[in-house]
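Engineer: Here you go, one structure.
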Amino acid sequence: MSTTVADVSKETKAPAASSKTNRIGLTMQDYRGAESTLCAGCGHDAITNSIIKAFFELGVDPHMVAKLSGIGCSSKTTNYFLNQSHGFNSLHGRMATIATGSSLANRKLINIGVSGDGDTASIGLGNFSHMVRRNAHIVYIVENNGCYGLTKGQASATADRGTRMKSGQTIESAPVDLCSLAIQMGCGFVARSFSGDTQQVRTLLKAAIAHRGTAVLDIVSPCVTFNNHEGSTKSRCTKWTSFPTTKTFRSSTKKAPPKSSRCTTVPGSP
Ligand SMILES: Cc1ncc(C[n+]2csc(CCOP(=O)(O)OP(=O)(O)O)c2C)c(N)n1
Ligand code: SF4
Ligand SMILES: [Mg+2]
């Protein structure tokens, strides 16, 4: 059965209000933040919703959480969840250093960092590597759209070789694979997922929150405004053969490009 853009946009809408309480007596509302200002359909909003649900279902006390981020559309999202938690929105590419400091200053806090592929794999690569090497206690999420969404879609260091950017540029360099890098730096928890697979993302988040040490979640998260066209490997147009690891995904080259860049298919569709 194919999934349409309408189905996907449901994932990016905030979870419905409910009076249901969790094990510490809080409702889902207690885990929300400000209303998102991101583009409608942005993959990052789906991840925000998964974070809200994961913390609600685990029954984590919001004041025991510190939210950390850098700069980018992805980094803005820490404002959209857990508005009763601590937070530090840092400089571009510097979230990993702030997270390391936070994890040293208070070992009881759950640190959750949200970053972008530009924030982590371009300007922040050195900081990210050293945070992993030091095994800072943090759930480190990369909302990976293969571009700099906030500054209008320039290619990032995770754009795959052969990708055609919306500007017409073709990527010739090999991408930075953040999962491989994290494993090489000794990380004990590394996973890759897709923002639209909300159940899988939620399951991974819960496991990552329970992990003591650095947990890296590289989540492909389409930028529907600047990187959502045929020729991109991080769009809703991408055809996935199965779970999107670097080994198993491929972009569709057989079909003629659609007339508009608006996509009607997502992973799982025929
Ligand atoms: C030192 C510095 N250099 C450049 C910028 C401009 N800048 C802001 S966000 C950004 C890239 C964001 O891309 P990414 O981290 O992938 O986040 P996205 O918007 O795609 O979610 C850049 C280059 C900046 N704010 N600071
Ligand atoms: S520009 Fe891209 S990454 Fe930024 S909010 Fe819009 S769709 Fe999301
Ligand atoms: Mg990006």
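The values are calculated or read from the model by the stated rules, or taken from the named source; none is laboratory data. Values in this document were obtained by computation on a predicted structure and should not be read as measured data. Cβ coordinates were reconstructed from backbone atoms using ideal geometry, including for glycine residues, and neighbour counts include every protein chain displayed.
Engineer: Looking at region 194-226, which of the residues that are under 18 Å from SER75 (Cα atoms) and of a type in the set (S, T, N, Q) is nearest to ligand 1 (Cβ to nearest atom)?
Structural biologist: SER221
Engineer: Conditions: (1) crowded, with 23+ Cβ neighbours inside 10 Å; (2) at pLDDT below 95. LEU205 meets all but one. Number of the miss?
Structural biologist: (2)
Engineer: Give the residue, chosen from SER180, SER173, SER195, that is of a type in the set (S, T, N, Q) and either closer than 25 Å to GLY41 by Cα or within 16 Å of ligand 2 (Cβ to nearest atom) (or both). Before you say what the answer is, go through the steps one by one.
Structural biologist: Numbers: SER180 fails: either closer than 25 Å to GLY41 by Cα or within 16 Å of ligand 2 (Cβ to nearest atom) (or both); SER173 fails: either closer than 25 Å to GLY41 by Cα or within 16 Å of ligand 2 (Cβ to nearest atom) (or both).
Being of a type in the set (S, T, N, Q) and either closer than 25 Å to GLY41 by Cα or within 16 Å of ligand 2 (Cβ to nearest atom) (or both) holds for just one of SER180, SER173, SER195, which is SER195.
Engineer: Okay, next question. Of all residues in region 63-94, how many are under 18 Å from ASN49 (Cα atoms), among the polar types (S, T, N, Q) and out of contact with any Gly (no Cβ under 7 Å at 6 or more places or on another chain)?
Structural biologist: 3
Engineer: I need the full set of residues from region 129-151 which are more than 14 Å from ligand 3 (Cβ to nearest atom) and at negative phi, in order please.
Structural biologist: SER129, HIS130, MET131, VAL132, ARG133, ARG134, ALA136, HIS137, ILE138, VAL139, TYR140
Engineer: Please enumerate the residues belonging to region 170-193 that are out of contact with any Gly (no Cβ under 7 Å at 6 or more places or on another chain) and under 15 Å from GLY118 (Cβ atoms).
Structural biologist: Within region 170-193, SER173, PRO175, VAL176, LEU178 meet the criteria.
Engineer: Something else about it: Among the numbered criteria (1) in contact with a Lys or Arg (Cβ under 9 Å, 6 or more places away or on another chain); (2) within 20 Å of GLY43 (Cα to Cα); (3) at pLDDT 95 or above, which single criterion is violated by THR163?
Structural biologist: (3)
Engineer: Determine whether region 136-148 contains at least one residue that is away from ligand 1 (no atom under 16 Å from the Cβ), closer than 17 Å to ILE183 by Cβ, at pLDDT 95 or above and over 17 Å from the mean Cα position of the chain (by Cα).
Structural biologist: Scanning region 136-148, I find at least one residue that is away from ligand 1 (no atom under 16 Å from the Cβ), closer than 17 Å to ILE183 by Cβ, at pLDDT 95 or above and over 17 Å from the mean Cα position of the chain (by Cα), so the answer is yes.
Engineer: Based on this model, can you work out whether GLY118 counts as surrounded by 19 or more Cβ atoms within 10 Å (Cβ to Cβ) and among the small types (Gly, Ala, Ser)?
Structural biologist: In short, yes.
Engineer: While we're on this one: Select from region 125-145 the residues that are touching a helix residue (DSSP H, G or I) at 6+ places or on another chain (Cβ under 6 Å) and buried (at least 24 other Cβ atoms within 10 Å of the Cβ) and list them in ascending order.
Structural biologist: Within region 125-145, PHE128, MET131, VAL132, ILE138, VAL139, VAL142, GLU143, ASN144 qualify.
Engineer: Might you check whether a residue that is aliphatic (A, V, I, L, M), within 15 Å of ligand 2 (Cβ to nearest atom) and closer than 18 Å to CYS223 by Cβ occurs anywhere in region 107-117? So that I can check it myself, show each step before the final result.
Structural biologist: As a first pass, look at region 107-117 and keep what is aliphatic (A, V, I, L, M): 109-110, 112, 114.
Add one more test, that the residue is within 15 Å of ligand 2 (Cβ to nearest atom), and what stays is 114.
Next cut, closer than 18 Å to CYS223 by Cβ only: 114.
Yes, region 107-117 has at least one match.
Engineer: Which fully enclosed helices (runs of 4 or more DSSP H) of region 1-95 have 1 or more residues being surrounded by fewer than 20 Cβ atoms within 10 Å (Cβ to Cβ), at pLDDT 95 or above and away from ligand 2 (no atom under 16 Å from the Cβ)?
Structural biologist: In region 1-95, 43-58 are the helices (runs of 4 or more DSSP H) which contain 1 or more residues that are surrounded by fewer than 20 Cβ atoms within 10 Å (Cβ to Cβ), at pLDDT 95 or above and away from ligand 2 (no atom under 16 Å from the Cβ).
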